[in-house]
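Asks: Have a look at the structure that comes next, please.
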Amino acid sequence: MTENKKLLLLPGDGIGPEVMAEVRRVITWLEQNRELAFDVEEDLVGGCCYDAHGVAVTDATIEKAKAADAVILGAVGGPKWDGVAYAARPEAGLLRLRKDLELFANLRPAICFDALVDASSLKSELVSGLDIMIVRELTGGIYFGEPRGITDLPNGERRGVNTNVYDTHEIVRLVRVGFELAKKRRGKVTSSEKSNVMESGLLWREETMKVHAEEYPEIEFENMLADACAMQLVRRPKQFDVIVTDNLFGDMLSDEAAMLTGSLGMLPSASLGAKGADGRQAGLYEPVHGSAPDIAGQELANPIATILSFAMALRYSFDRGGEADLIEKAVEAVLDGGLRTADIMQDGMTKVSTSVMGDAIVKQMDKLAN
Ligand code: NAD
C-alpha cells in the first residue's frame with residue numbers, strides 16, 4: 001500500500017478561504033474517482049494567525065509544512081492588519097514559509113486560454129496558444145545581498161546600497177530546475193541576465209552554459225539579455241518555452257508575462273526547494289493574486305488560479321501529470337462553455353459566483369473522465 005499524500009492547506013485571509021473551499025471540492029473528486037488519497041490538514045497563516053496567536057505563522061505550522069508533501073496557500077493580508085508591527089505583518093508568514101522551506105525556485109506559468117484571448121493586452125494571434133514557464137531564483141540575489149542599507153554621507157547626502165550576489169551553487173540548482181522542466185515541455189531554455197554590464201550576470205551566463213553543455217546538451221539553449229527578453233516577451237512571446245532568470249529580473253519578467261494572459265484570478269504559481277536524499281522536495285503552491293479584501297466574502301472571487309496551483313502540486317510534488325492535465329482541461333472547457341467570474345466577465349458570457357465556478361469545474365472533470 002502506498003502512503004497517503006500529506007497536504008497542508010493554508011487558506012489565509014480575505015478571499016483565501018473562499019477559493020480554497022473550491023480546491024477542497026477538487027480534492028474530494030480525485031479521492032472518490034482516482035486511486036489517490038490525501039491526508040489533508042488545514043492551518044492558519046497571515047492576519048488570521050496573528051489574530052489567534054500574535055504571529056503571522058507559528059513554529060508548529062512551519063513544522064507541519066516541512067512534514068507535508070505539498071503546501072497549498074490561499075492569500076494573506078488586508079487593511080485590518082495595516083497597523084501591526086512589521087515583523088508580525090501577514091506577509092511575514094509567507095516570507096518565513098519560503099525561507100524555512102528553502103524554496104529557491106519560483107515557477108510562474110503564463111498560459112493563455114483561447115476563451116480569454118481577448119483579455120490580453122496583445123493581439124490575439126500573438127498570445128493564442130501561449131504556454132511559457134518563467135523560473136525565477138527566489139532566495140538570493142539583490143533582495144538579500146549584503147551590504148545593503150541607507151547611510152548618511154559626510155556631505156549631507158544619503159546613499160542607498162543593495163548588492164546583487166550569486167554563488168555558483170545558487171545558479172546551478174536553479175537552472176537545473178529549468179532544464180528538467182524543459183525536458184517535459186518543448187525542450188527549450190532561455191537564460192536571461194545582464195552579463196554585458198554586471199559581473200553577477202556574467203557568472204550566471206558562464207555557469208548556466210556549463211550546466212547546459214555538461215548535463216543537458218539535448219535541450220535547445222540560448223542566452224538573452226534581460227532587457228531584450230522583456231522586449232521579446234511582448235513582441236513574440238511564443239518563441240519562449242522555459243525562461244530561467246535571477247530574483248530581480250524574474251520579478252519583472254514574470255509580472256510582464258502574467259499580463260499577456262489577462263487576469264490575476266487565473267494565474268497559479270509554485271515554489272520548489274531542493275530534492276533531498278530521500279527524493280522529497282518541498283513545494284508551496286499559491287495563486288499569484290493577493291487576498292482581494294475589496295471582494296472578500298461576496299462570492300465574487302475567481303477560484304481558478306488556486307485550483308490551477310493545486311494542479312501544479314499534482315504535477316510537480318505528486319508526479320500525477322494525468323490528473324493535472326484533467327483539471328486544466330476542465331478549466332478550459334468551462335471557459336469555452338461561457339462561464340465567467342466577475343473579474344473575467346465578457347459580453348455575451350454568463351456571470352457566475354465562486355462556488356458555481358468551482359462546481360462547474362468539478363462537473364467538467366467528471367464529464368471528461370467518464
Ligand atoms: P490583490 O491581488 O489582492 O487584488 C488586486 C485586484 O485584483 C483587486 O481588485 C481584487 O479584487 C482583484 N482580484 C485579485 N484576485 C482575484 C480573484 N481571485 N478573483 C477576482 N478578482 C481578484 O492585490 P492588492 O489589492 O494589491 O492586495 C490586497 C492584499 O493582499 C494586501 O494586503 C496585500 O499585501 C496582499 N497580497 C498578498 C499576496 C499573497 O498572499 N501572496 C500577494 C499580493 C498581495
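Asks: Restricting to region 69-87, name every residue that is of a type in the set (A, V, I, L, M) and modelled with pLDDT of 95 or more.
Replies: Within region 69-87, Ala70, Val71, Ile72, Leu73, Ala75, Val76, Val84 qualify.
Asks: Would you call Gln281 of a type outside the set (A, V, I, L, M, F, W, C), surrounded by fewer than 23 Cβ atoms within 10 Å (Cβ to Cβ) and within 15 Å of the ligand (Cβ to nearest atom)? Talk me through it step by step, then tell me what you get.
Replies: Numbers: of a type outside the set (A, V, I, L, M, F, W, C): yes; surrounded by fewer than 23 Cβ atoms within 10 Å (Cβ to Cβ): yes; within 15 Å of the ligand (Cβ to nearest atom): no.
When the stated conditions are applied, Gln281 does not pass them.
Asks: Quick one: which residue in Leu284, Leu233 is in contact (Cβ under 8 Å) with a residue 40 or more places away in the chain and out of contact with any Lys or Arg (no Cβ under 6 Å at 6 or more places or on another chain)?
Replies: Leu284
Asks: Also, I was wondering about something else. Would you call Ala292 assigned to a loop (DSSP other than H, G, I, E, B), at pLDDT 95 or above and within 12 Å of the ligand (Cβ to nearest atom)?
Replies: yes
Asks: Counting just the residues of region 255-278 that are in a loop (DSSP other than H, G, I, E, B) and surrounded by fewer than 19 Cβ atoms within 10 Å (Cβ to Cβ), which one comes out farthest from the ligand (Cβ to nearest atom)?
Replies: Looking at the filtered set, the residue picked out is Ala277.
Asks: I'm trying to understand the selection: among the residues of region 188-210, which are open to solvent by 40 Å² or more (accessible area, probe 1.4 Å) and part of a helix (DSSP H, G or I)?
Replies: Passing the criteria: Glu199, Leu202, Leu203, Arg205, Glu206, Met209, Lys210.
Asks: I would also like to ask the following. Of all the strands (runs of 3 or more DSSP E) wholly in region 81-187, which have at least 1 residues that are free of Cβ contacts under 8 Å to residues at least 24 places away in the same chain and of a type in the set (A, V, I, L, M)?
Replies: Numbers: elements: 105-111, 131-137, 149-152, 158-161.
Of the strands (runs of 3 or more DSSP E) lying wholly inside region 81-187, those with at least 1 residues that are free of Cβ contacts under 8 Å to residues at least 24 places away in the same chain and of a type in the set (A, V, I, L, M) span 149-152, 158-161.
Asks: State which residue pairs qualify: first residue touching a residue at least 24 places away in the same chain (Cβ under 8 Å) and open to solvent by less than 70 Å² (accessible area, probe 1.4 Å) and inside region 211-224, second residue of a type in the set (Ser, Thr, Tyr) and part of a loop (DSSP other than H, G, I, E, B) in any location, beta carbons under 9 Å apart, and separation of 6 or more residues or different chains.
Replies: That search, which allows pairs on different chains as well, returns Asn223/Ser195.
Asks: Scan region 1-22 for residues that are away from the ligand (no atom under 12 Å from the Cβ), under 24 Å from Leu300 (Cα atoms) and out of contact with any strand residue (DSSP E or B) (no Cβ under 6 Å at 6 or more places or on another chain) and jot them down.
Replies: Residue satisfying the conditions is Ala21 alone.
Asks: Can you give me the ranges of the helices (runs of 4 or more DSSP H) entirely in region 299-370 with at least 2 residues that are crowded, with 23+ Cβ neighbours inside 10 Å, among the polar types (S, T, N, Q) and within 13 Å of the ligand (Cβ to nearest atom)?
Replies: Counting at least 2 such residues, we get 304-316.
Asks: Sticking with this one: In region 104-126, what residues are aliphatic (A, V, I, L, M) and under 27 Å from Leu272 (Cα atoms)?
Replies: Ala105, Leu107, Ala110, Ile111
Asks: Is it the case that region 229-250 has a residue that's modelled with pLDDT of 95 or more, among the hydroxyl-bearing types (Ser, Thr, Tyr) and buried (at least 24 other Cβ atoms within 10 Å of the Cβ)?
Replies: yes
Asks: Tally time: how many residues in region 287-318 are charged (D, E, K, R) and in contact (Cβ under 8 Å) with a residue 24 or more places away in the chain?
Replies: 1
Asks: From (1) closer than 19 Å to Leu138 by Cα; (2) out of contact with any helix residue (DSSP H, G or I) (no Cβ under 7 Å at 6 or more places or on another chain), pick out the condition that doesn't hold for Glu207.
Replies: (2)
Asks: Within region 15-45, track down each residue that is assigned to a loop (DSSP other than H, G, I, E, B) and without any contact (Cβ under 8 Å) to a residue 40 or more places away in the chain.
Replies: Hits for region 15-45 are Glu35, Ala37, Asp43, Leu44.
Asks: For Asp100, only one of the following conditions fails: (1) closer than 27 Å to Glu323 by Cα; (2) under 23 Å from the mean Cα position of the chain (by Cα). What is its number?
Replies: For Asp100, the failing item is (1).
The values are calculated or read from the model by the stated rules, or taken from the named source; none is laboratory data. Please read all numbers here as calculations on a predicted model, not as lab measurements. Every residue, glycine as well, gets a Cβ built from its backbone with ideal geometry; the counts of neighbours run over all protein chains shown. For the accessible areas, the whole protein counts, side chains as well, though only heavy atoms, and no ligand, DNA or RNA atoms are used. Shrake-Rupley method; radii C 1.70, N 1.55, O 1.52, S 1.80 Å.
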